[in-house]
Structure formats: structure tokens, C-alpha cells
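Chemist: Pasting in a structure now, in C-alpha cells, and then I'll have a few things to ask.
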Amino acid sequence: MEEQQRLRIFQAQTCNVRELEQAWRHVNRQINSFILQKNQKAVEINTKLLALLYCALSEAVFSKLIHTPHGLRIDEIKQIKDAIAADGVRFGWLKCARLAIRRVEGAKHNHQPNVVQKLSSLIEQSIFDPSLIRNKLAHGQWCVALNRENTAVNQDITRELADHTVVELYRRKHSLQCLAAIMEDMMESPNKAHRRDYWEHLVGLENEQKRISTWTFEGKVKQLFTKRQHSRHDV
């Protein structure tokens, strides 16, 4: 791959991310509408579609990230793609984090391992768990998940499929956005933006995740019906 190819891929994935964000908003509006209609089956179906959209978005965000101009070297991008081919997308993100942190110069000796550890935790939460659900849905295991060998039911993932809600997906999407922002800073401006904004990103993430952790699907339902009732009174 040459620099011109990198730029074309970056531009293509920028377009894909934009379209997927629009698709996300559209499906979320559909879910809200079906909640108000008390159509539980339609809510379940569209929530699974949103889970698939989340995984598509995370892959497009990652591809855009690693092809960012003036970021990683071409040989480093190849190392990341090789890691994905060998072990899956989670290991691609981990490889990317380890390569990107090397670009930060003159930091305290514990800064690099601490950043990698924190990013690994975010990758586990935002990339690995959702990819398991995506794989089951994409392979037709829409409500009952099987084990890796397809020889028995995987009860844990089956429960997760049943318990998946739009609230949990929004929580993961926020983590993904923060993860991507931290890694982009390390690639594009490791000794300026990363040093300036890393802790701000983390504090913002933790505060927002703490706030979002209080959200429940039941609370979302109540909020939607309250909002509709108020809008009727305002007419």
C-alpha cells in the first residue's frame, strides 16, 4: 500500500462512518417509535439491527483511524491488518494501541504501560464483547446462541442476546468514541494533543459512563411516554 492508497481508504471510511452514524440515528428513532406503539417484537428486532450497526460502525471507525494521514507508518498498518487476520479485530485494536503509544516521547516511564492497560480495558468492553454478539447474529443465531463448535447452546450469550437494549448500546458507543479519540491523538499529535488531552478524555469518559450507568431501558420508556404526554398538553 502507498500513501495515495492510504488517503483513498481514509476518505472512503470517513464517508462510511458518516453514513453509519445516520443509520444509527434512524434505527434509534424507529426503536423510540415502536416503544411508544408498545410493539415489543419490533423493538427487539430493531435493537438487534442496532447491535449489528454498532459493530459495523466500530469497524469503519477503526479502519478510518489506522489509515489517518500522517499517522502510522505503512508497515505498521500492515502489522495491524496481519494481527486482525490472525487473531481477530480485538487484537488489531490492541496492536494499534501498542504501536501508537510508542510515538509519545519523553513521558514518565509508567505512562506507556498505563495507557496500554487502560486502552486494553476499553477495547475489551467496546470491541470484543459486541463482536461476539455480532458474530452470533450474523450467523443466524438470532435468539439462541450456539457454542464455537455449534455443538451446544451457549447460555451466557443467549441471555445477553435477550437482555440487549438500546441503552447498553449507547453506553458502548460512547466508549468507542472516546477510545478512538485517544488513539487518534496518539497517532496524529503524540507529543502535543495526546499529552494535553489524554487525562481530559479519560475523566470525561469516566464521568459520562457513570452518568449513563444510571440509565435503564425502563427509564427510557418512561421518559418517552412522559415526553409524548407533555407534547400533547402543549398543543
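The values are calculated or read from the model by the stated rules, or taken from the named source; none is laboratory data. Only a predicted model underlies this, so the values are computations on that prediction, with no experimental measurement involved. Cβ sites come from the backbone with ideal geometry, for glycine too, and all protein chains shown count toward neighbours.
Chemist: Scan region 182-235 for residues that are among the β-branched types (Val, Ile, Thr), free of Cβ contacts under 8 Å to residues at least 12 places away in the same chain and either more than 24 Å from Leu122 (Cβ to Cβ) or touching a helix residue (DSSP H, G or I) at 6+ places or on another chain (Cβ under 6 Å) (or both) and report the count.
Modeler: Residues meeting the conditions: 2.
Chemist: Ala86: of a type in the set (A, V, I, L, M) and surrounded by fewer than 16 Cβ atoms within 10 Å (Cβ to Cβ), yes or no?
Modeler: So Ala86 passes the test.
Chemist: Something else now. Yes or no: region 20-41 includes at least one residue that is assigned to a helix (DSSP H, G or I), touching a Pro at 6+ places or on another chain (Cβ under 8 Å) and of a type outside the set (Lys, Arg).
Modeler: No, that holds for no residue.
Here is a yes/no grid of residues against (1) under 22 Å from Leu179 (Cα atoms); (2) buried (at least 20 other Cβ atoms within 10 Å of the Cβ):
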| residue | (1), (2) |
| --- | --- |
| Gln4 | no, no |
| Phe10 | yes, no |
| Cys15 | yes, no |
| Trp24 | yes, no |
| Gln30 | no, no |
| Gln40 | no, no |
| Ile80 | yes, yes |
| Arg103 | yes, no |
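Chemist: Restricting to region 129-176, and then to whatever is surrounded by 16 or more Cβ atoms within 10 Å (Cβ to Cβ), among the polar types (S, T, N, Q) and in a helix (DSSP H, G or I), can you tell me which residue is modelled with the highest pLDDT?
Modeler: Thr158
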